[in-house]
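The values are calculated or read from the model by the stated rules, or taken from the named source; none is laboratory data. The structure displayed is predicted, hence computed values, not measured ones. When we count neighbours, we look across all protein chains shown, and the Cβ atoms used for this are built from the backbone with ideal geometry, even at glycine. Ligands, DNA and RNA are excluded from the accessible area calculation, which covers all protein heavy atoms including side chains. Shrake-Rupley method; radii C 1.70, N 1.55, O 1.52, S 1.80 Å.
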Amino acid sequence: MKKYYCLFFILLLTISCYTQPPIESVLKKYNTESIPYITVDSLTKRNNIFLLDTREKAEYDVSHIKNALYVGYNFFNIETVTNKIKNKKSEIIVYCSIGLRSEDIGERLKKAGYTNVTNLYGGIFEWKKKNNPVYDSKNKETNKVHAYSKFWGKLLTNAQKIY
């Protein structure tokens, strides 16, 4: 019997070493919360907001949240935002896959003088997990979400993963 407990413990330890931690752990580890979070549930109740997708164009084209403005990450240009959002007090919500890249872009928006910027907690992965719709490049609802990579894709549930 001890042999089985020992094997079970080794199996459990092995599995835990190769699984991705939950989004909460990743966000705690990598984000500073310099941009306050907004939850998916709170976002669904908001009107008159600017929703900025800070992922790469290939990710945005697979799917995005309805009416989100693509601004990108690697080639983010603040003028893309300043040309579309003139009022620096406008409510802006940034998002990416889970909330890491969007925090960086949120910080850049704050440096540019925008005062009402929040970061979608858990990003599009959490949005989809809560059964909210996403739209492809033709603005048709889809179940596909770009998972960024196999590593980060482990955090994506409730969607067809595209790489």
Legend entry - Length gained when the stretch SER149-THR82 is fully extended (0.36 nm per residue, less Cα-Cα span): 21.0 nm
Legend entry - Per residue, in Å², the accessible surface of the stretch 41-163 once ligands and nucleic acids are set aside, probe 1.4 Å: 52
Legend entry - Long-range HN-HN contacts of GLN160 with modeled amide H, under 5 Å: LYS144, VAL145
Inset, instruction - Return the carbon/sulfur percentage of the accessible area of the chain, one whole number, probe 1.4 Å, all protein chains in place. - result: 54
Inset, instruction - Within the set of other residues whose C-beta is less than 14 Å from the C-beta of ILE78, count the net charge using Lys and Arg as +1 and Asp and Glu as -1. - result: +3
Inset, instruction - Provide the per-residue ³J(HN,Hα) series for the stretch 148-156, in order, calculated from phi with Karplus coefficients 6.51, -1.76, 1.60 and θ = phi - 60°, each as a whole number of Hz, with x at glycine and proline positions. - result: 6, 7, 4, 4, 6, x, 5, 7, 8
Inset, instruction - For each pair in LYS29/LYS138; LYS29/LYS144; LYS86/LYS140; LYS130/LYS150; LYS89/LYS150, compute the distance between the two Cα atoms and list the pairs where it is over 31 Å. - result: LYS29/LYS138; LYS89/LYS150
Legend entry - Environment charge at THR54 (Cβ cut-off 13 Å; Lys +1, Arg +1, Asp -1, Glu -1): -2
Legend entry - Dimensionless Rg ratio for the chain, taking C-alpha atoms and the 2.2 N^0.38 Å reference: 1.18
Legend entry - trypsin sites (Lys or Arg not before Pro) within the stretch 28-57, DSSP loop, no more than 10 other Cβ atoms inside 10 Å: LYS45
Inset, instruction - For every helix of n ≥ 4 consecutive DSSP H residues, a contribution of -39,500 (n - 2.57) applies; sum these over the chain, divide by its total residues, and give [θ] at 222 nm rounded to the nearest 500 deg cm²/dmol. - result: -10500 deg cm²/dmol
Inset, instruction - Have a look at ASP104, ASP41, ASP136 and tell me which one the Gaussian network model of the chain (Cα, springs below 10 Å) gives the largest fluctuation. - result: ASP41
Inset, instruction - Compare the peptides 116-129, 70-83 by average per-residue count of other Cβ atoms within 10 angstrom and give them in order, highest first. - result: 116-129, 70-83
Inset, instruction - Work out, step by step, the length gained on full extension between LYS89 and THR157: first 0.36 nm times the residue separation, then minus their alpha carbon distance; give nm to one decimal. - result: 21.0 nm
Legend entry - Rg/Rg_globular for the stretch 68-163, with Rg_globular taken as 2.2 N^0.38 Å and Rg from C-alpha atoms: 1.13
Legend entry - the chain: antiparallel DSSP beta bridges as a percent of all, rounded to 5: 20
Inset, instruction - Would you please give the residues with an amide H less than 5 Å from that of PHE50, counting only those at least 5 places away or on a separate chain, with H modeled from the backbone geometry? - result: GLU91, ILE92, ILE93
